[in-house]
Every structure is written in C-alpha cells, then in structure tokens.
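Right, one structure below, let's go through it.
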Amino acid sequence: MLCFRAFAPSITVPKIPEGEKVDFDDIHRKRQEKDFSELQSLIEAHFIQRKKDEEELLALVNRIEKRRAERAEQLRIRTEQEKTRQARLAEEKERKEQEEARKKQDEEAKKKKALTNRTQQYGGVQQRQDAKRGAKKQTEREKKRKILAERKKPLNIENLKEDKLKEKASDLWQWLWTLEAEKFDLTEELKRQKYDVSETITNQSQVGPLGAKTLRQIYKYAYIETEMTKNT
C-alpha cells in the first residue's frame, strides 16, 4: 500500500514591525476572506464549466436527434421511391401483358379471317371443280357410250361359212384378250395410285393439313375407282 504524506506548504511568518501592535484577529479575518474568495471563484468556475458541459451535451443530443430525423427522412424518401419504382414496374408489366394479349388476339383474328377466306375461296374452287368434274363425267359417259356403241357391233354370223366363223371367233377371242389385258393394266394402275394416295395422306397428316394438290389426287383416285367399279 502506498502511503502519502500530507504536504504542507512552507509558511513564511510575516515580520512584525517593531513598535507596532499585532492584530491576530484581523489577520485571521483577512485569511478567511481570501479563502472564501478563492472558494467562491472555484464554485463559479465549476458552475460555468457545468453549464458549458450541459450546453455541449444538449448540442450533442440535438445533433443526434437531427441526424436521426435526417436518416428517418432519407429512409422515408427511399421507401417512397421504391414504392414508386415497384408501381412503375407493375404498370409496365401490366401494359406489356395487355399489349401481348392484344397482339395475340389480333393474330388469332387475322388467322381466323385468313382461314375463313381460304375456306370460302377453296369452297368456290371446289364448287367450280365439282361442276367441271360433273361436266367431265358427263363427257366421259358420252365418250364411253360412244365407244361401247362402236364396240357393240352386230355379229352378223348367220350367213358365214365355217372358216369365216372360225376367223370371227379368233377375232372375238383376240378382242376379249385385249380387253382383259387393258382391265388388268387399269387395275394395277388403280392399286398403285391407291397406294400413292394412302402414303400421301399418311405423310401429310404428320406435317399439316392436306393441300390442294393432295386433294386433287384423292379426287382423281376416287373418280378412277368409281369408273372401274362401273366398268366391272
């Protein structure tokens, strides 16, 4: 433990002039007045410093409050800006979605209109083709009747002799053989076209709707098959 000695300042005893009377009460009074004055000065200095410290503390508190208010204001501004930005983004997104929906509706409407026009156009073409095909069928029937009329000639074999009858029979057999050969060729051609049409329909169904060329082939095949059935 450290020990401290009380330090007492050296006191110089004032010299008392010779022949004068010493008034100790006066000296003591003056000493007290001096000590009181010094104490008063210390007290005043203390209160002055305390007031200064209080003012500095108050200023610090004010700065802290001001800074806190500034940060709160900045946060409010940033929050408002973020809300505005989010609202703008949402509005922009909604606008784009509406625009895309409108474009999609316009495209669908254009496709429907184009499909309707194409259907109407194809219907008109189909009607013309049907009319043309009907006329062609009529022409083919007339041609067929003419050919059959030419082929259906009377035999006139009543007055023919045996050698002429044999010759006529040979001609008829040759003519029948030719007809059978033509029928076989047409049957094979029909089978080939039927196979081609079936392959075309199968391939076309994998890539999209049938085209006009494919439809013409199907109609041609149906027509040939109908004619073959009639001839059979």
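The values are calculated or read from the model by the stated rules, or taken from the named source; none is laboratory data. Computed from a prediction, not measured in an experiment: that's the story for all the values here. Glycine also receives a Cβ, built like all others from the backbone with ideal geometry; neighbour counts cover every protein chain displayed.
A few comments on the model shown:
- The single condition from (1) surrounded by 12 or more Cβ atoms within 10 Å (Cβ to Cβ); (2) at pLDDT below 80 that Lys183 fails is (2).
- Glu167 vs. criteria out of contact with any Cys (no Cβ under 7 Å at 6 or more places or on another chain) and at pLDDT below 70: no
- When each of Leu176, Leu165, Leu190 is tested for being surrounded by 11 or more Cβ atoms within 10 Å (Cβ to Cβ) and over 52 Å from the mean Cα position of the chain (by Cα), the lone residue that passes is Leu165.
- From the list Lys83, Lys52, the lone residue that is at pLDDT below 95, in a helix (DSSP H, G or I), surrounded by 10 or more Cβ atoms within 10 Å (Cβ to Cβ) and under 41 Å from the mean Cα position of the chain (by Cα) is Lys83.
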